[in-house]
Amino acid sequence: MKKLYLFTLVLCLTLLSVFCWHIRTVQPSVTRLPDGSPDLHGRHIVVYVSLRDEVGRAYLELFKEKTGCTYEYLYLPTQTALARIRNERNHPQADIVIGGTSHAQIQAGIEGLTAQYISPNAAIIPERFKDPDGCWTGIATTPLAIVVNRARWQREFAPQGKKLPQVYADLLDPDYHGQIVFSDPNTAGTGYTILAYIDQKLSPNETLDFYRRLRQNTAEFTFNGYTSVEKVASGECLLGLSFLDDQTSLRISGFDLISIVPPECAWTMDAVSLIKNGPNPEPARCFIDFCLEKETQEQISRMAYSVPTRPDAASAEAPPVETFELYTAFDFARAGREQSALLEKWNNL
Amino acid sequence: MKIHDFRFEILAIYGLLLCGSVGAIVYSNVHLYDSVVIIEKKDDTLRQANLSIPMRIDIQSENLGHYTISDEASIQKIWQNMHDITADSAPDAISNTTQDHIRLSCTISYLNGSQDTFLLGRYLQLNGQVYSDFYKQPLINSLESDLLQQLYSCSRIAALLPTAPVVQIYTGTAGNPGRALAAAERKELSKALLAATDLQGQKKQFQLATQQNRPVAHIRIELQAVSSPDEIPAANLINIDLYESGCFAVQYLGDSNGRHLYFTKDLLQYLPPRFSQEVFHT
């Protein structure tokens, strides 16, 4: 009799578990449309986007057009995206994180917040632009450049015979006190990139001195990197430090900006990652495949102005990556690991 | 005497009760609708319901002016965003620092006639409290962006054009001097903007954005007079990129998301012929 009771109990609990698991995980397998694209009609993905709003939406709209997959997205600067994924570790709300500075996605991979996925389309992408374990894959790169409002420069500094800043350290010149706009490293990956770069290039004492003097010269810290370029474009600020793709976007809109890419420059790579245990893993993997297609990278580069990671993808507005002398020794994983310590140093100045 | 061991029977009863409870929850979720619920305190419930139904949102920006949102979908979206920001947040008291970052002032009017005022910038300030939690910053930014988007629609820009202190058109490469639009040209431009079709979310918007296609001219609108023409606050500037294809893209430089709103209307044809020649020969 005991055995019968026990058997009934185990059977009920097993059936209940299977039922719950079934509800949670069962999704129809992906079929193909006549053009070979995955048929994702009726499927949905949730994406955290750290790209410029319209670039993120273009990726998602083009994906929807091609596969029928609907989407929701939330724009988050890099640092806040990472904080959110960490916060949601036990109950992930999103499937994908795309864009932002790469140290954050690398760190997310190290912390086990993102899942491994090696897209078949990643084979062509150079090793330095992807994680060998598939926790993240680069989609585009761009260098960190100094941006100057030409009209203001010509009026305020050129008559004194002053030369345009050529390296990041030139921004520490006391003449630029209150003239620089820079994104807040606590919220924006753009701001954090320079902190990590300086930390890896200079000695600890020199790093602290650089941070202190950069803070002194900074007029305003913006929420994200793009806003700082908007402020230089309008003339509200004279100088800024931001990624070249954002600067190109405003230059194409007719704003007279001078962009200076220093030698051995800091740089970043927009990457895409699959969030571990996200609610829609299958369409999310299809989205990663889509981001790494040649056609997608070429289409997006025409509006994002960054350099595609696929060597065979042509970029209309951005010069080839070889044009810039990137600081190739930059250790993104170290930048991710040291984030809390560097921000503490910066915030305590 | 052998004592009967009831442990397994008790475990089995607990197990069955657990299964029954889960089944009941699933069943009640499935059958939540199509059932009659009697509300006992009708007046209280109606008062609560009226209080929480937002009917109108008035937005005021120093640079972009005033706008009233009355369509239900937009109000619900904004209302939901505000709820997401305030839920599980620990608000702070208002300080001078928070006052410095205010960019939008908004009033929500409810069905029962009551009103709430909230201020928005780097923080959300509502009912005497400031919400600035680090994790809520993107939501605050997104709410601000959604509200701003209402303020620089084509109809709003058309309304701003006649009184804007500076409206200039630029052609060719960046740095070319602009030409101020005369009153008659502004009037024509306003009419054209009112007749433009919004491409937001449409396929054509993304085709336009991802085509290798540079704008042929730019119209720049300064919303408030400034002392130095080279030092315009970003929040004081609207830029319109004109494309040869008959589309145009509006960007407000005070919107931190870098958003462009795309429309179809050939604005170039509303400008004097000499200007069109300028565009295509530079």
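The values are calculated or read from the model by the stated rules, or taken from the named source; none is laboratory data. Note that this is a predicted model, so its numbers are computed, not measured. Quick reminder, even Gly has a Cβ in these numbers, built from the backbone with ideal geometry, and neighbours come from all protein chains shown. We work out accessible area using only protein heavy atoms, side chains counted, and drop any ligands, DNA or RNA first. Shrake-Rupley method; radii C 1.70, N 1.55, O 1.52, S 1.80 Å.
Points worth noting:
- Share of carbon and sulfur in the accessible heavy-atom surface of chain A [1.4 Å probe, %]: 53
- Unsatisfied cross-links (Cα-Cα over 24 Å) in the set A:LYS201/B:LYS136; A:LYS162/A:LYS231; A:LYS294/B:LYS265; A:LYS231/B:LYS204; B:LYS187/B:LYS265: A:LYS201/B:LYS136; A:LYS294/B:LYS265; A:LYS231/B:LYS204
- Gyration tensor verdict on the stretch A:132-175 (Cα atoms; rounded if a/c is under 1.5, prolate if a/b is larger than b/c, oblate otherwise): prolate
- Spin-label model, A:LYS163 to A:ARG212: label points 7 Å out along the Cα-to-beta-carbon direction sit 2.7 nm apart.
- Taking A:ASN149, A:ASN87, A:ASN205 as the candidate residues, the one with maximal mean-square fluctuation in a Gaussian network model of chain A, Cα springs under 10 Å, is A:ASN205.
- Kirkwood-Stokes translational diffusion coefficient of the stretch B:121-194, alpha-carbon pairs, 10 °C, 1.306 mPa s, µm²/s: 103
- In the B-A interface, the accessible area buried, summed over both sides, Å² (probe 1.4 Å): 4500
- Per residue, in Å², the accessible surface of the stretch B:200-273 once ligands and nucleic acids are set aside, probe 1.4 Å: 35
- Where chain A is the region considered: accessible area per residue in Å², 1.4 Å probe: 40
- Under 5 Å from the amide H of B:VAL166 lie the amide H atoms of B:GLU222, each residue being 5 or more positions distant or on a separate chain, with H modelled from the backbone and absent for Pro and chain starts.
- Cα pair distances of the protein assembly as shown binned at 10 Å [whole percent]: 3, 14, 23, 25, 18, 9, 4, 2, 1, 0, 0, 0
- Measuring r between the beta carbons of A:ALA329 and A:ARG86 and using R0 = 35 Å, the FRET efficiency lands at 0.80.
- Shape annotation for chain A: C-alpha extents along the principal axes are 97, 48, 32 Å, from largest to smallest.
- Computed extension length for A:HIS177-A:LYS294: 37.7 nm, one decimal, from 0.36 nm per residue of separation with the Cα-Cα distance subtracted.
- Burial here means at least 20 square angstrom less accessible surface with every protein chain in place than with the chain by itself, probed at 1.4 Å; in the stretch B:246-261 the buried residues are B:GLN251, B:LEU253, B:SER256, B:ASN257, B:GLY258, B:ARG259, B:HIS260.
- A simple spin-label model places the labels of B:ASP146 and A:LEU33 2.9 nm from each other, with each point 7 Å out along Cα-to-Cβ.
- Residues of the stretch B:133-167 buried by at least 20 Å² of accessible area upon assembly of all protein chains, compared with the chain on its own (1.4 Å probe): B:PHE134, B:TYR135, B:GLN137, B:PRO138, B:LEU139, B:ASN141.
- Debye log10 I(q)/I(0) at q = 0.17, 0.18, 0.21 Å⁻¹ for the stretch A:144-259, Cα point scatterers: -0.77, -0.87, -1.17
- Nearest-0.05 FRET efficiency for B:LEU111 and B:ILE25, computed from C-beta distance (R0 25 Å): 0.15
- Those residues of the stretch A:213-241 for which accessible area with every protein chain present is at least 30 Å² below the isolated value (1.4 Å probe): A:PHE223, A:TYR226, A:GLU230, A:SER234, A:GLU236
- Take the Cβ atoms of A:GLN154 and B:GLU72, set R0 to 56 Å, and the FRET efficiency comes out at 0.60.
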